[in-house]
Amino acid sequence: MMKFRFRRQGNDPHREKIKQDLFAFSKTVEHGFPNQPSALAYDPKLQLMAIGTKSGAIKIYGAPGVEMTGLHKDTAAVTQIHFLYGQGRMLSLLDDNTIHLWEIVQRENRSHLVELHSFNLPGRPGIESTSATRVTVMLLKLSCDLCLVLSSVCRFSESSEYAELKLAICNVIPLFSVPEEYKCGKSLGPVESLQEHPQDSDKILIGYSRGLVVLWDLNSRHVVNLFLGKQQLESLVWERSGNSFVSSHSDGGYMVWAVSSSNPCTHDPISSTIPYGPFPCKAVNKILWRTTQSGFLSVGGGMPRASYGDRHCLTILQDSSHVTLDFTSRVIDFFTIHCTDKEKEFDDPSALVVLLEEELVVIDLQMAGWPTVPAPYLAPLHSSAITCSCHISNVPPKLWERVISAGQQQCPLQNYENWPICGGKNLAPDPKQKELLLTGHEDGTVRFWDASGVSLKPLYKLSTASIFQTDCDHNDSLMQAGEEEWPPFRKVGCFDPYSDDPRLGIQKISVCKYSGKLVVAGTAGQVIVMVLSDEKSDHMIDVATVDLLQDREGFTWKGHDRLPPKSGSVVFAPGFQPVVLVQCMPPAAVTAVTLHAEWNLIAFGTSHGFGLFDYHRRNPVLARCTLHPNDSLAMEGPLSRVKSLKKSLRQSFRRIRKSRVSGKKRAVVYSPTSKVQEANAQLAEHDAEVTPVQRRIEPRSADDSLSGVVRCLCFADTFLRDGTHHGPTMWAGTNSGSVYAYALDVPSQEKFSEQSVEALLGKEIQLMHRAPVVSIAVLDGRGNPLPEPYEVSRDLAKAPDMQGSHSVLITSEEQFKVFMLPKVSAKTKFKLTAHEGCRVRKVALSNFTSVSSEEYSENALVCLTNLGDIHVFSVPALRPQVRYDCIRKEDISGIASCVFTKTGQGFYLISPSEYERFSLSARVITEPLCRVDVERPHDLSAHSYYVVILSELLYEMRSALSSPVLDSPNSSADITLDTTGELTVEDVKDFLMTVDEAENNFRNIAEEDGRPPGILIN
């Protein structure tokens, strides 16, 4: 009873101060590509880009390290974003018909993105908003004093007392100028495009879906020109001089129209072109027309519908040059970076920025061939699905330089200094140490990322597919065939979610950062040892097979076959090159792998057992089968489809019956179950006195499926045979709570080639509750983790304490336990499941440095549970320090993908394409620290905002001529040109009125409804 009383801990003020200096939780930055992007904008003056997502997030990017994020209160999709030119403000339109004003503000000498105001756009008075009132188009003038919404005009008028946002719908006015033959029979459709005149800001182009284009004068409120198109309109764009504009259409073509004051009504364009006609083509949803010294540059879509209707393409045309950019995901939006100075003669575009559904692509328009510009951020982490990850802290400069060199030889044009989006200033200091994040992918690649700062930069890509015989070579024939076909396709982007063979998937990664050795393990039992080389190589790969079943009878593998390696020599580029391929049999997915480069050993485990391999002598050292006689599920593999439903149900019912009778007392000598029940009975007697209350835990059955899965492996130089002689050891933990410890006889460096490594089983531990072993770590006499290989021999770390007694920290899903070595006697434990009601998913030993003094630091055990919370414990005392809520418990993939660093940080996937970075350390924090300097002519934040609705006519011109179909709740995008109606101008002339009359009517409606015309947003 006394041992429970001593567990009560008071609040020591001194210790609490130390904990505050050591631990602090914060989510710092999101790495990768935004999930489900939906909108794009660019400020050419500030050189900032904004991306909106379907979840309501807005992210601003500039130079590498310049990042800001804003989140709308409602999780509505962002449909449009518009920058207030050069002011550091922007408007966002959501699909719930609300407009939001954002501003970049300065706080604590850094820039932040904050939302100032929001405005709900009104629908038709007395009727809920339908497709006819939904906003489809916004135009913000360069002068930033006028915003056009659909066909509405929002005017910002500054005064000393308040700023007014005036709404005035003025589209009925152009109606009287439309020819009679154009008014009847069909609706004009929604407004598809609004474009400001490049030379005269008082004139705008209004484009309707039916094809009508109106040049409207905002000051005089009259029609300057009418352009009567006959094809369904998709978009408009001005030519730089303002003498002409281009319209794109649903038939895959575009038209060039001349703007002339002598001809107020134009029936025919100057030219009409369908680039991929005469067969039916997809619509050109957007077109950009930019002027250069050698002619015009046009960017659009519009592929032949029958042949290439399923492709996502953009076309670049300039004189005789014609390139069709072929992407692997849908095009969301695009823009060009060009000269915006009105005094210049040409646009001279320098880059084309294309936002796709799964990646961002930038094309250099000044270099010959229009190559792709490598992005220093927004890289698609999920170009192939991420299957595992590994973080390397404090990367040695030599390894860093060699990885950089290998990556530059892969991509010679990988120069981030030419990145065109370079607004803002990165104020973050240079990182004190380099960090690498390695991600394994489904297609058999391992990607190296620079995780030292805010921008996660791609450095190097390693592919293992070239080692095996797969179907990857069929792409070459397709590319050769594509060179001769029309259109002239060019594959652009790196997003490729399809794997030629799922067996190539990378499951585990282990790296020795001092020797440049890498071990990757895959889905089909392949374990590949690689060595970093600066030169190109052409050599054969040594192949070794390790049978983990050890000829055990009664087991038949029903899963996938092994990957056949290529015969003969293979050419490898500079970088990590394979030297040995170890094939586990049966070829099940590798569940654990570790490397000790100083001993030339690798250890690996699957669902059948674990093995030890000497890659210097190419010699298997050990193979141990961990299968239970009832482990039939382990013989089927993750890709098998032969699992019996009846068998699964039968096993489930057996477990239910066992759990029901587990509470009954059974006199079984030396049974783990009886011991658990005794402990539970004792806990029941002392429930009133034990603090905190412990939960009862049902023991796990020894014959559960997959009980032989190897969960963790580790090497350690420690005491296993006796307390006076230390030596190399290997530890393995399984899913059934078993721990195997082997003493290794490793020859000296001079005798590696002469003598072989020998392994002898030293200890075997069975945890009482048979909970899966998640991690094993050996601590020295001071309770510190043992250093990595080569750290001590190269004077890179302090030598471990070999005088005091070593201990081993074994972490299961339910508890942490410290055993003294070599007797393996229990010293300390903490029952996490009993105290907190959760299970361990990820653990790591991290070093936390005090924010007050760099000289003071502590080692701690960091634990992530299945509930998504993080616990930090002292080592080796296992005293709880802090607890933080980090990941939602429903986010199973995020919890499974979490990886901790040795400095108290972590990463986890918040979407297939994004890593969330967080910090548990009060000192080591990687977060955006940037500044964007802006000059604002008016400080609108100093005033209150009054949204005064001055007028709203019944509807815009298309509504006055529309059929009853427009009153349906369907989206305006569903309205086609074939929609016919009986309404004409004569039928609705009684509803047409002047703007003044409409303003008065709307004021009366507002007063009758009891609504004040002025709405204070503040």
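The values are calculated or read from the model by the stated rules, or taken from the named source; none is laboratory data. None of these values were measured; they are calculated from a predicted model. Glycine gets a Cβ as well: all are built from the backbone with ideal geometry, and neighbour counts include every protein chain shown. Areas reflect the complete protein model, heavy atoms only, side chains present, ligands, DNA and RNA absent. Shrake-Rupley method; radii C 1.70, N 1.55, O 1.52, S 1.80 Å.
Taking packing as the residue-averaged number of other Cβ atoms within 10 angstrom, the listed peptides 748-761, 244-257, 542-555, 388-401 run from highest to lowest as 244-257, 388-401, 542-555, 748-761. For the range 360-373, the Karplus equation 6.51 cos²θ - 1.76 cosθ + 1.60, evaluated at θ = phi - 60°, returns couplings of 10, 10, 10, 10, 7, 8, 9, 8, 5, x, 6, x, 7, 8 Hz by residue, with Gly and Pro reported as x. The distance from the alpha carbon centre of the range 193-242 to that of the range 80-98 is 22 Å, rounded to a whole number. Does the range 208-267 come out rounded, prolate or oblate by the C-alpha gyration tensor, with a ≥ b ≥ c the root eigenvalues, rounded set by a/c under 1.5 and, if not, prolate when a/b is larger than b/c and oblate if not? Verdict is prolate for the range 208-267.
Can you bin the range 762-916 into rounded, prolate or oblate? Criterion: square roots of the alpha carbon gyration tensor eigenvalues sorted a ≥ b ≥ c, rounded for a/c under 1.5, prolate for a/b above b/c, oblate for the rest.
Working: a/c = 1.83, a/b = 1.23, b/c = 1.49.
Taking the square roots of the gyration eigenvalues as a ≥ b ≥ c, the range 762-916 is oblate.
Each residue of the range 489-503 was assigned a 3J(HN,Hα) from its phi angle through the Karplus curve 6.51 cos²θ - 1.76 cosθ + 1.60 (θ = phi - 60°); the sequence is 5, 9, 5, 10, x, 10, 6, 8, x, 9, 9, 5, 8, x, 5 Hz, with glycine and proline shown as x.
A cut-off of 5 Å between modelled amide H atoms, ignoring neighbours fewer than 5 places along the same chain, links residue 39 with 52.
If packing is taken as the mean number of other Cβ atoms within 10 Å per residue, what is the order of 15-21, 737-743, 287-293, highest first?
Numbers: 15-21: 14.3, 737-743: 21.6, 287-293: 18.0.
Per-residue Cβ counts within 10 Å, averaged per peptide and sorted highest first, yield 737-743, 287-293, 15-21.
Highest mean packing first, where packing is the average number of other Cβ atoms within 10 Å per residue, the peptides 66-75, 518-527, 583-592 line up as 518-527, 583-592, 66-75.
In the range 420-570, taking the dipole from charged Cβ atoms about the Cα centre, the farthest positive-side position among 567, 449, 489 is held by 449. At a 1.4 Å probe, what is the % contribution of carbon and sulfur to the accessible area of the range 206-294? So the carbon and sulfur contribution to the accessible surface is 50 percent. Ligands, DNA and RNA left out, the 1.4 Å accessible surface of the range 815-861 is 41% carbon and sulfur atoms. By the compact-protein rule of thumb, 2.2 N^0.38 Å, the alpha-carbon radius of gyration of the range 523-568 corresponds to a ratio of 1.61.
Candidates 753, 789, 765 compared by Cα position along the dipole of the range 733-869: farthest toward the positive end lies 765, with charges placed on Cβ. What the range 393-443 shows is 55 Å² of accessible area per residue, with the surface traced by a 1.4 Å probe over protein heavy atoms.
Is the C-alpha gyration tensor of the range 756-807 telling us rounded, prolate or oblate? Criteria: a/c under 1.5 is rounded; beyond that, a/b larger than b/c is prolate, otherwise oblate.
Details: a/c = 2.18, a/b = 1.60, b/c = 1.36.
Prolate.
In this structure, the amide hydrogen of residue 566, modeled 1.01 Å from its nitrogen in the peptide plane, lies closer than 5 angstrom to those of 468, 469, counting only residues at least 5 positions away or on a different chain. Pairs from the table (73/141; 432/798; 54/286; 517/817; 491/536; 54/491) lying more than 25 angstrom apart at Cα are 73/141; 517/817; 491/536; 54/491. For the range 17-108, the solvent-accessible area works out to 33 Å² per residue, with a probe of 1.4 Å and every protein chain left in place. Amide H to amide H, with H built 1.01 Å from N, residue 460 comes under 5 Å of 448, counting only residues 5 or more places away or on other chains.
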